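The next block holds one structure in the form of structure tokens; read it before the comments.
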């Protein structure tokens, strides 16, 4: 029997949590046609401590504020990275930022991936589309502490080859002997020689690489993808306590006060965004929630 | 290729691994283990569906040629999966192409011999067709999810 995770407030909701701090943009990398990774430098005296899977609220003065997962730490400067897809007014403006511009940052918020609990276990990371962004720091952490984990497999699905995030890093990960990377796209092109199909079609291959029943599953992507993947994993006898998913809702205050991200009895910003499947599965089946 | 190697491949392959041993022996009599180089066609649209492929190693793409767009790759089939079910349904004609994307090894079952055997052995027929139905259902579900275009930008998603 796997003990249920204990939920506690990781921090007190002090005033500091509501005040954006100015973070200058120190770099911008275009990932795909509509997605960029922003490198943001924390002000002096504010080290960018965070748990993989947590998010920050990014504020563009006069435009608005959005929750964006922390997608990594720049290896040389230590700056925080946030991967942003331009889909709304704030994210479109974020994607147009230039080096030297300033972003207001609050955070980090929420509950991250269970990397401590997962020590000594196989890890399956299942990512779809922009869902790789919050999983990237988890994978970076695992690779930096590789001996503490057993088999590690990344399954990643994207729309097309041009929509794959972090292509250079993917290549480096593929080159490692201690990490299995399987990538699939929904629509291939003539140059694409890899898998074509939804990311869940890679599960049988992952099953050949590890005993899924004993693995920790970390997944993030469109909610439909996660719902289907969770069902397929449970069909393979993976305990729901070991399946973790990152959910997304309309987060505003980020500290569980405003209720915008309420999902049944939980607040995504405070109790999540990472949840064990056992805690949210009944909610995922409720339509219009 | 020896019958022993084919039998071993049938014992290992997820489609047949828990099949009765006697049936595996029957299938091994009508099978060959074949390796296809990259870009080789396993089957071609419009031709007689004369084989059933159990993919052992490599990667196979299901494709269709579309005038003015060229050959479109729709899905891939990995080791442990199967290619082709048109052999089980009249008029026994392939509806798509299947091409090896990497060097691919498959157990290739003679479809005419398999159909003849299944017409004599209802239990074997029921076993194979129920497995095949699960494959078809899984492929259909995957296709429907692909059609949802989940990763598309909101304004380009199909309703």
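The values are calculated or read from the model by the stated rules, or taken from the named source; none is laboratory data. It should be emphasised that the depicted structure is a prediction, and the values quoted were computed from it without experimental measurement. Every residue, glycine among them, receives a Cβ derived from its backbone with ideal geometry; neighbour counts consider all protein chains shown.
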(message) Quick test for you: out of A:266, A:286, pick the one residue that is without any contact (Cβ under 8 Å) to a residue 24 or more places away in the chain, under 22 Å from residue A:50 (Cβ atoms) and surrounded by fewer than 22 Cβ atoms within 10 Å (Cβ to Cβ).
(response) A:266
(request) State whether the residues of the stretch A:243-254 include one that is crowded, with 17+ Cβ neighbours inside 10 Å, out of contact with any strand residue (DSSP E or B) (no Cβ under 9 Å at 6 or more places or on another chain) and within 14 Å of another protein chain (Cβ to nearest Cβ). (result) no
(request) Scan the helices (runs of 4 or more DSSP H) fully inside the stretch A:115-218 and keep the ones with 1 or more residues being within 14 Å of another protein chain (Cβ to nearest Cβ) and without any contact (Cβ under 8 Å) to a residue 12 or more places away in the chain. (result) A:203-209
(message) Tell me yes or no: at least one residue of the stretch B:41-53 is in contact (Cβ under 8 Å) with a residue 12 or more places away in the chain, within 14 Å of another protein chain (Cβ to nearest Cβ) and surrounded by fewer than 21 Cβ atoms within 10 Å (Cβ to Cβ).
(response) no
(request) Mind counting the residues in the stretch B:63-95 that are surrounded by fewer than 18 Cβ atoms within 10 Å (Cβ to Cβ) and more than 10 Å from chain A (Cβ to nearest Cβ)? (result) 13
(message) Every residue in the stretch A:211-235 that is farther than 21 Å from residue B:138 by Cβ and at pLDDT 95 or above, please.
(response) A:215, A:216, A:218, A:220
(message) Looking at the structure I just gave you, is residue A:259 on the phi > 0 side of the Ramachandran plot, at pLDDT below 95 and surrounded by fewer than 22 Cβ atoms within 10 Å (Cβ to Cβ)?
(response) yes
(message) All but one of (1) without any contact (Cβ under 8 Å) to a residue 40 or more places away in the chain; (2) touching a helix residue (DSSP H, G or I) at 6+ places or on another chain (Cβ under 8 Å); (3) on the phi > 0 side of the Ramachandran plot hold for residue B:92; state the number of the condition that does not hold.
(response) (1)
(message) Take the conditions in contact with a helix residue (DSSP H, G or I) (Cβ under 7 Å, 6 or more places away or on another chain), closer than 30 Å to residue A:206 by Cβ and within 14 Å of chain A (Cβ to nearest Cβ) and apply them to residue B:60. Does it pass?
(response) no
(message) Step by step: first the residues of the stretch A:219-238, then only those that are assigned to a helix (DSSP H, G or I) and either touching a helix residue (DSSP H, G or I) at 6+ places or on another chain (Cβ under 6 Å) or not assigned by the TED database to the domain that holds residue A:281 (or both), then the one that is surrounded by the most Cβ atoms within 10 Å (Cβ to Cβ). Which residue is that?
(response) A:229
(message) Between a residue in the stretch B:131-151 that is more than 9 Å from chain A (Cβ to nearest Cβ) and any residue that is surrounded by 15 or more Cβ atoms within 10 Å (Cβ to Cβ) and in a helix (DSSP H, G or I), which pairs come within a Cβ distance under 7 Å, given they are 6 or more apart or on different chains?
(response) B:132/B:88
(request) Would you mention how many residues in the stretch B:100-115 are within 14 Å of chain A (Cβ to nearest Cβ) and surrounded by 18 or more Cβ atoms within 10 Å (Cβ to Cβ)? (result) 3
(request) Output the residue which, of all residues in the stretch A:67-114 that are touching a helix residue (DSSP H, G or I) at 6+ places or on another chain (Cβ under 8 Å) and in a loop (DSSP other than H, G, I, E, B), is surrounded by the most Cβ atoms within 10 Å (Cβ to Cβ). (result) A:110
